[in-house]
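Presented below is the structure to which this report refers.
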Amino acid sequence: MPRREEPRTRPISPVRRSSRSGRLKSIHARRGDPDDLAQILVTEEEILAKLDELALRVAEDYKDKDLILVGVLKGAVMVMADFARALPFHAPMDWMAVSSYGASTKSSGVVQIRKDLDTDLNGKHLLIVEDIIDSGLTLSWLLENFQSRGAESIEVLALLRKPEAAKVVIDCKYVGFDIPTDFVVGYGLDYNERYRNLRDVAVLAPHVYS
């Protein structure tokens, strides 16, 4: 049996502190919440460059296969849109809405389906497009659920991953950035439905949710 390629990750690049500080001040000025964000972890430019890189890998791996992109609402909307546009071929997408956070900053692992997929997965090649892998509990449940529906293959693409927060082992083939366990927002990630539309990924100041 051929040896599976290990997921390749790229650490967050050393963007100058003054650059990130300037971006943070700019965000504060636009959004009107000067103390909500503690630090920018990944910039919009870094995100788009990484998604372009991952799209090339996915295109090579699925060049002779019919691929379906599956996103989890609402966090994966930004990632899905930019990643899908970076692919050099057409790939249909479908969406599932689940909940395991609520207004909390930690996943409970108890999954509630709020919107199911419209696609019959039997015999299909799936790529789950995730914004972030945190505890991995929700994603683990999704993988088992999709496998039970007869998918031919299932792989995972995640823009962000928190290795130190993992409670279950997730085989994620395509990973953008490994980040610390801080609660992050922006680029689709939210806290209580706020901050999704920030272009960068930033650490949410603890006083906001404590």
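The values are calculated or read from the model by the stated rules, or taken from the named source; none is laboratory data. These figures come from a predicted structure and were not determined experimentally. With ideal geometry, Cβ positions are generated from the backbone for all residues, glycine too; neighbour counts draw on all protein chains shown.
Conditions first: (1) modelled with pLDDT of 65 or more; (2) surrounded by 13 or more Cβ atoms within 10 Å (Cβ to Cβ); (3) under 22 Å from Leu159 (Cα atoms); (4) of a type outside the set (Val, Ile, Thr). Asp36 passes all but one, so which condition is the exception?
It fails just one condition, (3).
Does region 69-101 hold any residues that are closer than 18 Å to Ser153 by Cβ, in a strand (DSSP E or B) and of a type outside the set (Gly, Ala, Ser), and which are they?
Scanning region 69-101 gives Leu69, Val70, Met93, Asp94, Met96.
I need a count of the residues in region 57-83 that are of a type outside the set (D, E, K, R) and without any contact (Cβ under 8 Å) to a residue 24 or more places away in the chain. Explain how you work it out, then say what you get.
Of all residues in region 57-83, those of a type outside the set (D, E, K, R) come to 58-59, 62, 67-73, 75-81, 83.
Imposing the further condition that a residue be without any contact (Cβ under 8 Å) to a residue 24 or more places away in the chain reduces the set to 81.
Residues flagged as of a type outside the set (D, E, K, R) and without any contact (Cβ under 8 Å) to a residue 24 or more places away in the chain within region 57-83 amount to 1.
Would you pick out the residues in region 33-73 that are touching a Lys or Arg at 6+ places or on another chain (Cβ under 6 Å) and more than 29 Å from Ile113 (Cα to Cα)?
Looking only at region 33-73, we keep the residues that are touching a Lys or Arg at 6+ places or on another chain (Cβ under 6 Å), and these are 40, 44, 68.
Those that are touching a Lys or Arg at 6+ places or on another chain (Cβ under 6 Å) and more than 29 Å from Ile113 (Cα to Cα): Ile40, Glu44.
Could you list, ordered by first residue, the pairs with Cβ atoms under 9 Å in which the first is in region 90-106 and modelled with pLDDT under 60 and the second is part of a strand (DSSP E or B), at least 6 apart or interchain?
Final answer for the pair search is Ala103/Tyr191; Thr105/Tyr191; Thr105/Leu204.
Restricting to region 155-199, give me the number of residues that are surrounded by 21 or more Cβ atoms within 10 Å (Cβ to Cβ), outside any strand (DSSP E or B), within 13 Å of the chain's Cα centre (by Cα) and not hydroxyl-bearing (Ser, Thr, Tyr).
Summing the residues that are surrounded by 21 or more Cβ atoms within 10 Å (Cβ to Cβ), outside any strand (DSSP E or B), within 13 Å of the chain's Cα centre (by Cα) and not hydroxyl-bearing (Ser, Thr, Tyr) in region 155-199 gives 2.
Could you list all residues from region 124-175 that are out of contact with any helix residue (DSSP H, G or I) (no Cβ under 8 Å at 6 or more places or on another chain) and β-branched (Val, Ile, Thr)?
Listed by number, the residues that qualify are Ile132, Thr138, Val169, Val175.
Name, by its number, the condition in (1) touching a residue at least 40 places away in the same chain (Cβ under 8 Å); (2) within 21 Å of the chain's Cα centre (by Cα) that does not hold for Leu139.
So Leu139 meets the others, but not (1).
Does any residue of region 121-138 turn out to be modelled with pLDDT under 95, surrounded by fewer than 20 Cβ atoms within 10 Å (Cβ to Cβ) and acidic (Asp, Glu)?
There is no residue in region 121-138 that is modelled with pLDDT under 95, surrounded by fewer than 20 Cβ atoms within 10 Å (Cβ to Cβ) and acidic (Asp, Glu).
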